[in-house]
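One structure is given below, encoded as structure tokens.
The values are calculated or read from the model by the stated rules, or taken from the named source; none is laboratory data. Everything quoted here is computed from the prediction, not taken from an experiment. All Cβ positions, glycine included, derive from the backbone under ideal geometry; neighbour counts span all protein chains shown.
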Amino acid sequence: MRVYRKHWWVPWAFLALPLAMYLVWVIIPIIQTLSLSFTSWDGLSPTTRFIGWRNFEDLFHDSIFWTSIQNNIRWLILFILVPVPGGLAIALLLDQKLPGNKMYKTLFYLPMTLSFVVIGLVWSWIYDPQYGALTTALNSIGLSSLNRAWLNDPSIVTYSLVFAAIWRQIPYIMVLYLAGLKNVPPEMVEAGIVDGANRVQRFWYIIFPMLKPATIIAVTVSVIDSLRSFDIVFVMTRGGPFYSSNVLANYMYIEGFHNYRMGYGSAIAVIQFAITFGFILVYLSNVMKSEGVD
């Protein structure tokens, strides 16, 4: 006890650098963004003008802002409904003792090694309406009637972007579930076999409940990634056509750095942070209640 009291500062000394970096790169920018959201500033002038809640009032009358929110909701729903069960299904398949298992794991994980910028460039070529891989494939199997201007049609452009992003997201979810499957005791699965449970029953009553921590992480990460989607939208469409594929992060960038409305862009960033933080709080609170954690 005396040694602990004498060297009480040692843990804080080890934490000093990470805490300082977190303060400089996270906390201070959040505070600065919040303060800028109440100002009118072009990002270049040495002075700012305080305008109170006007930026937020203008946002709620901004049709592009509401389009961006609707697109973010589409991203959120599809990022939960497709990558999470898709990653789980692939993880269950690759967890079996199959020939060439390691090779398949590598191939499935390969998209995760690419940045969203690279993926955006690749899928821009795939979606090319004249020479793209998707157009060529549909033509070769006699389904040319299904060809669309995938990135130029306002009614489908957001779904085209989400599908490209999902292609990268599924491998990440797969890895989370593969790690979770390693923690499932084989004795429990064998006991289910002895008791006569079929594959579906073993998965639903034994394996899936043991994967709850991995599911929590997978859903949380998918929510965060869907709400902060920017790279792939900016690379593939710049938010077009006619702002139809805009998301909040992209609209924030356009207003702040293209239109020189840094205060307005900061207000969008504050709304995005509040929405993301609210989703995470609600989800985690429900998870803790289901586990009986006060």
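Filtering segment 41-95 to residues that are under 30 Å from Gln169 (Cβ atoms), out of contact with any Ser or Thr (no Cβ under 8 Å at 6 or more places or on another chain) and polar (S, T, N, Q) leaves Ser63, Ser68, Gln70.
Sort out which residues of segment 255-276 are within 20 Å of the chain's Cα centre (by Cα) and within 18 Å of Leu36 (Cβ to Cβ), and write them in order of number. Matches in segment 255-276: Ile268, Ala269, Val270, Ile271, Gln272, Phe273, Ala274. Test Tyr109 against the criterion of being assigned to a helix (DSSP H, G or I) and either buried (at least 20 other Cβ atoms within 10 Å of the Cβ) or hydroxyl-bearing (Ser, Thr, Tyr) (or both), and give yes or no. Here the answer is yes, as Tyr109 does meet what is asked.
Evaluate the following for Phe279: is it surrounded by 15 or more Cβ atoms within 10 Å (Cβ to Cβ), modelled with pLDDT under 90 and more than 25 Å from the chain's Cα centre (by Cα)?
On the way: surrounded by 15 or more Cβ atoms within 10 Å (Cβ to Cβ): yes; modelled with pLDDT under 90: yes; more than 25 Å from the chain's Cα centre (by Cα): no.
Here the answer is no, as Phe279 does not meet what is asked.
Can you pull out every residue in segment 100-138 that is closer than 16 Å to Met174 by Cβ and of a type in the set (Phe, Trp, Tyr)? I'd like the intermediate steps shown before the answer.
First, the residues of segment 100-138 that are closer than 16 Å to Met174 by Cβ: 101-114.
Scanning segment 100-138 gives Tyr104, Phe108, Tyr109.
The selection criterion, being in contact with a helix residue (DSSP H, G or I) (Cβ under 8 Å, 6 or more places away or on another chain), of a type outside the set (Asp, Glu) and surrounded by fewer than 21 Cβ atoms within 10 Å (Cβ to Cβ), does not hold for Tyr127.
Of the listed requirements (1) surrounded by fewer than 16 Cβ atoms within 10 Å (Cβ to Cβ); (2) more than 22 Å from Tyr253 (Cβ to Cβ), Leu211 misses just one: (1). Within segment 154-162, is even one residue over 15 Å from the mean Cα position of the chain (by Cα) and over 30 Å from Thr67 (Cα atoms)? There is no residue in segment 154-162 that is over 15 Å from the mean Cα position of the chain (by Cα) and over 30 Å from Thr67 (Cα atoms).
Screening Ser226, Ser155 for residues that are surrounded by 16 or more Cβ atoms within 10 Å (Cβ to Cβ), of a type in the set (S, T, N, Q) and either modelled with pLDDT of 90 or more or touching a Leu at 6+ places or on another chain (Cβ under 6 Å) (or both) leaves exactly one candidate, Ser226. A single entry from Ile271, Ile254 fulfils the requirement of being closer than 22 Å to Ile31 by Cβ, out of contact with any Asp or Glu (no Cβ under 9 Å at 6 or more places or on another chain) and either surrounded by fewer than 20 Cβ atoms within 10 Å (Cβ to Cβ) or modelled with pLDDT of 85 or more (or both): Ile271. Only one of the numbered conditions (1) of a type outside the set (Gly, Ala, Ser); (2) touching a Ser or Thr at 6+ places or on another chain (Cβ under 8 Å); (3) closer than 23 Å to Gly86 by Cα is not met by Tyr104, and that is (2). In segment 193-210, the residues that are over 22 Å from Gly87 (Cβ atoms) form Cβ pairs under 9 Å with partners that are of a type in the set (Ser, Thr, Tyr) and surrounded by 11 or more Cβ atoms within 10 Å (Cβ to Cβ), at six or more places apart or across chains, as follows: Ala197/Tyr205. Of all residues in segment 50-103, those being modelled with pLDDT under 90 and of a type in the set (Phe, Trp, Tyr) number 0.
Are any residues in segment 56-87 of a type in the set (Val, Ile, Thr) and either touching a residue at least 12 places away in the same chain (Cβ under 8 Å) or in contact with a Cys (Cβ under 9 Å, 6 or more places away or on another chain) (or both), and if so, which ones? Walk me through it before giving the result.
The initial filter retains those residues of segment 56-87 that are of a type in the set (Val, Ile, Thr), namely 64, 67, 69, 73, 77, 80, 82, 84.
Residues satisfying the conditions are Ile64, Thr67, Ile69, Ile80, Val82, Val84.
If Leu151 meets every condition in (1) assigned to a helix (DSSP H, G or I); (2) closer than 23 Å to Val247 by Cβ apart from one, which number is that one? Among (1) assigned to a helix (DSSP H, G or I); (2) closer than 23 Å to Val247 by Cβ, Leu151 violates only (1).
Residues in segment 204-222 that are of a type outside the set (A, V, I, L, M, F, W, C) and within 12 Å of the chain's Cα centre (by Cα): Thr220, Ser222.
Mind counting the residues in segment 147-180 that are farther than 17 Å from Val219 by Cβ and hydrophobic (A, V, I, L, M, F, W, C)? Final tally of qualifying residues: 9.
Among the residues of segment 1-34 satisfying the criterion of being small (Gly, Ala, Ser) and modelled with pLDDT of 85 or more, which is farthest from the chain's Cα centre (by Cα)?
Looking only at segment 1-34, we keep the residues that are small (Gly, Ala, Ser), and these are 13, 16, 20.
So of that shortlist, the ones also modelled with pLDDT of 85 or more come out as 16, 20.
On the way: Ala16: 30, Ala20: 27 Å.
Only one residue tops the list, namely Ala16.
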